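The values are calculated or read from the model by the stated rules, or taken from the named source; none is laboratory data. No experiment lies behind these values; they were computed from the predicted model shown. Every residue, glycine as well, gets a Cβ built from its backbone with ideal geometry; the counts of neighbours run over all protein chains shown. The area values use the complete protein model at the heavy-atom level, side chains included, leaving out ligands, DNA and RNA. Shrake-Rupley method; radii C 1.70, N 1.55, O 1.52, S 1.80 Å.
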Amino acid sequence: VYKRQVVWRAEPEQSVAIAADQFDARRDLNAAEQGIHTDLLVALDEIHLYREEAQALPEPQFLAEEGFPPFIADASAANRGGHAWQLLQTDTHVAYFGRSAAEAVAGSFLLRLDGDNASVWLNRAAQAEAPNDLREQVLADTGWRQVASQFDAGVTRQHRH
């Protein structure tokens, strides 16, 4: 007869607090919005590569022609709110704005670029307008909320072998 010993070891939870004026990407976004959010983060890599090579930002039309969701107008895009995308540039920031054609399905999105960093913003107001000022405080004051990703024990588990 042998004895088996089980040792339980608790690992501290690593989580990022979500501010009251932010959306949690996992808990606060519906399935369509989660899909668009993920697509924007994937497309961001391509946007950065294009920017390095061409020394310019790709237009949404180019990203659509290259087949990058959420910029491409296909059945999936239609089911996620049928967003119309445009590139916005101000003196201080650059962003891709996607106006929703069906706010009941998904709100309007903003992918704001800050050098190598980027942030995703969501506005669920009907017929959200393209913002003229892309500074964080102005966006927050005009109904936009930043989408934050929280990784905690409920999302990712770390297994050490």
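Consider A64 carefully, then state whether it is over 18 Å from V138 (Cβ atoms) and aliphatic (A, V, I, L, M).
Values: over 18 Å from V138 (Cβ atoms): yes; aliphatic (A, V, I, L, M): yes.
Yes; evaluated as a whole, the condition is true for this residue.
Of the residues making up the stretch 79-127, just one is within 16 Å of E46 (Cα to Cα), among the charged types (D, E, K, R) and surrounded by 20 or more Cβ atoms within 10 Å (Cβ to Cβ), namely R112.
Would you point out which residue out of F151, F71, F62 is modelled with pLDDT of 95 or more and open to solvent by 50 Å² or more (accessible area, probe 1.4 Å)?
On the way: F151 fails: modelled with pLDDT of 95 or more; F71 fails: open to solvent by 50 Å² or more (accessible area, probe 1.4 Å).
Result of the check over F151, F71, F62: F62.
Note on the stretch 9-57: residues that are open to solvent by 70 Å² or more (accessible area, probe 1.4 Å) and either modelled with pLDDT of 85 or more or within 13 Å of the chain's Cα centre (by Cα) (or both) total 12.
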